[in-house]
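The values are calculated or read from the model by the stated rules, or taken from the named source; none is laboratory data. Just so it is clear, the structure is predicted and the values come from calculations on it, not from any experiment. Here Cβ is always computed from backbone atoms with ideal geometry, including for glycine, and neighbour counts include all displayed protein chains. These accessible areas exclude ligands, DNA and RNA; they are computed on the full protein's heavy atoms, side chains included. Shrake-Rupley method; radii C 1.70, N 1.55, O 1.52, S 1.80 Å.
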Amino acid sequence: MKEKMMDGLQRFSKAMFIPVLILPIAGILIALGNVFTNQRLIETVPFMDNPITTGFGTILSGSLVSILSNLGLIFCVGLTVGLAKKKKAEAGFTAVLGYLVFINAMNKFMELSGLLIEAESLQGTGQASVLGVQVLDMGVFLGILLGVVTAMVHNKYVDKEFNNAFQIYGGSRFVFIVLIPVVVLLAIAFTYIWPFFQMGINNLGVLINQSGNFGLFLYGMLERLLIPTGLHHLVYTPFLYSSLGGVQEVGGQIFEGARNIYFAEIADPNVAVLSPSVIWDARGISKMFGLIGACLAMYQTASPEKKQQAKAILIPAAVTSFIAGVTEPIEFSFMFIAPILFVVHSVLSGLSMVVLNLFNVRAIGPNGFIDFILYNIPLGQEKTNWIMYIVVGLMFFAIYYFTFRLLITKLNLKTIGREDDGQETKLYSKQDYKESKGSKDVATQTGTKDTGLASTIVGALGGADNIQSVTNCYTRLRLVLEEPDKVDESVLKNETGANGIIVKGQNVHVVYGLQVESVRKAVDKYLGIAEEE
């Protein structure tokens, strides 16, 4: 039962990547639009003071903010596509239809029941206008609910076919036929059920906010501790996209969730200081500063004869963490061989968010230095207090360095460069680092017709017959295997460049970093998995 539940959570977590990873792109483009309308920058660069550039910036920011007010639909389609086992495009189309049926069914039922509130502003009433239809304000949870339900119906009935005159009603058409009564009944049921859920969510938000910095500390610590399970996205997503992360009126519109709020505030020139809720997305201190200190500690405590090998491994991993916010290459270097360091890392990550909050830092810093620059510099020091973010970051660089160095030396932990005689110093494959090509080697292999890498990966996973499904998230190849015991971890690490392997029941995660997309495509091609599937 426990394994089945974990399997479901794993599938749900990786499906969440489809909507979650697309939203930061919208945020970056909103920030870019803000650059063209930034009054201080316009005063500094007079060339930008013209209707073409300012108009472009206004249109860019304004058009993308609309995404934030329609997250329910985005999550509904994204989750359905992620959870659908086949015919994903048809599943996504069915999700849109189901979403439209739900909101209109709920609206009509509330109208017949006399539950619709007549007010100039729906703020605080528990109701909202979704795609122009007044319904209960379920926010992103509506999209999550309908995405899961639509995917379940799709997976169960998409292969249903009929003969003769009824043949036209088979497949995805039959899915929609079944989905209609399910969605209508859900709309009626949630008219009565959702207010209790909303009360619980609000109470949880109040509890977390009343817990103050302790609640923030737990949030930051758990977000890191759950990395090995792949379920850490379930910790931060509700705070970024639901009322748990705050509710704020920006430019006459109501936004829920830390990320939605600050995206809207970026596009609004009338906002003087970003809302305090931005702290829920300030998860970048450990990525940009802390783990760099950890890498320095591991390098300096490495055996003299292995320092060059350790440097070749740690520098690319540190750069990836600092620039792009991808921490798994570093975390996997000590997660299993020295678990106490990973626990300390999680504690310090939570503590760093508390310190930022104590200094009233409003800087945006979820995913490394590139995001940090694009978001904060154009907004200015007054709006974000980004300079203090760097000060706190340097402080935690030192804390990580001295803490890791002390623990490594006092406990004689076998981190990179401190392995016992006969053990290899490695994180990536030897080819990746000895030839100083990093991820380019893997990308080059997967971009050609040569299927050698894919063949090796599939062989190390127990062969094609052992693989039930293949997907990927931002850094991991996620698989469901018939017999996980057949996995050859040494081949995956030494010959294919994997940073780490996690086995949870039949779910196997192989960490490849930023090149995972090309790796998955190569594996798909080798297995003969069609693009649309």
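Once the Cβ-Cβ distance of MET152 and LEU358 is raised to the sixth power relative to R0 = 56 Å, the FRET efficiency obtained is 0.80.
Computed extension gain for ILE387 through ILE370, at 0.36 nm per residue and net of the alpha carbon distance, reaches 4.6 nm.
Working note: Karplus 6.51/-1.76/1.60 with θ = phi - 60° gives the range 238-255 the couplings x, 6, 7, 10, 9, 5, 4, x, x, 10, 8, 8, 10, x, x, 10, 9, 10 Hz, where Gly and Pro are set to x. Subtracting the Cα-Cα distance of LYS160 and GLU111 from 0.36 nm times their residue separation leaves 14.0 nm of extension gain. Helix content alone sets the calculated 222 nm mean residue ellipticity of the chain: runs of n ≥ 4 DSSP H residues at -39500 (n - 2.57) each, divided across all residues, give -19500 deg cm²/dmol.
Counting alpha carbon pairs within less than 8 Å and at least 6 residues apart, what relative contact order, in whole percent, applies to the chain?
Relative CO of the chain lands at 14 percent.
Among 402-409, 138-145, how do they line up by average Cβ neighbours within 10 Å per residue, starting with the highest?
The peptides rank, most packed first, as 138-145, 402-409.
Remark: the chain carries a charge dipole of roughly 820 debye about the Cα centre, counting +1 on each Lys and Arg Cβ and -1 on each Asp and Glu Cβ. Please label the shape of the range 49-177 as rounded, prolate or oblate, based on the square roots a ≥ b ≥ c of the eigenvalues of the alpha-carbon gyration tensor (a/c under 1.5 means rounded; beyond that, a/b larger than b/c means prolate, else oblate). Verdict is oblate for the range 49-177.
Counting DSSP beta bridges in the chain, what percent are antiparallel, to the nearest 5? So the antiparallel bridges in the chain amount to around 100 percent. For the chain, the residue among ALA84, GLY290, MET335 whose Cα projects farthest onto the positive side of the dipole built from Cβ charges is MET335. Here the simple spin-label model places points 7 Å from the Cα toward Cβ, and for ASN270 and ASN412 these points are separated by 6.7 nm. Heavy-atom accessible surface of the range 271-318, averaged per residue, reaches 31 Å², computed with a 1.4 Å probe. Return the FRET efficiency for the residue pair ILE377, ALA464: r is the Cβ-Cβ distance, R0 is 35 Å, and the value is rounded to the nearest 0.05. Here the calculated transfer efficiency is 0.10. Which FRET efficiency, nearest 0.05, do LYS86 and VAL133 yield, Cβ-Cβ r, R0 30 Å? That gives a FRET efficiency of 0.45. In whole angstrom, how far apart do the alpha carbon centroids of the range 144-183 and the range 41-101 sit? With the range 144-183 and the range 41-101 each reduced to a Cα centre, they are spaced 27 Å.
If you put +1 on each Lys and Arg Cβ and -1 on each Asp and Glu Cβ, how big is the dipole of the range 93-212 around its Cα centre, in Debye rounded to 20?
The dipole magnitude comes to about 340 debye.
With contacts taken as Cα pairs under 8 Å at a separation of at least 6 residues, the range 463-533 carries a relative contact order of 33 percent. Computed extension length for LEU100-THR53: 13.2 nm, one decimal, from 0.36 nm per residue of separation with the Cα-Cα distance subtracted. Among the protein heavy atoms, those of SER469 account for about 40 Å² of accessible surface (1.4 Å probe, every chain in place). If the Kirkwood radius is taken over C-alpha pairs of the chain, then at 25 °C and 0.890 mPa s the Stokes-Einstein diffusion coefficient equals 98 µm²/s. When each of the peptides 190-198, 513-521 is scored by the mean number of other C-beta atoms lying within 10 Å of its residues, the order from highest to lowest reads 513-521, 190-198.
Here the Karplus curve 6.51 cos²θ - 1.76 cosθ + 1.60, taken at θ = phi - 60°, turns the phi angles of the range 88-101 into couplings of 5, 4, 5, 5, x, 5, 4, 4, 4, 4, x, 5, 5, 5 Hz, with x standing for Gly and Pro. Here the simple spin-label model places points 7 Å from the Cα toward Cβ, and for ASN70 and LEU514 these points are separated by 3.1 nm.
Express the carbon and sulfur contribution to the solvent-accessible surface of the range 291-343 as a percent, rounded to the nearest whole number, probe 1.4 angstrom.
Carbon and sulfur together cover 72 percent of it.
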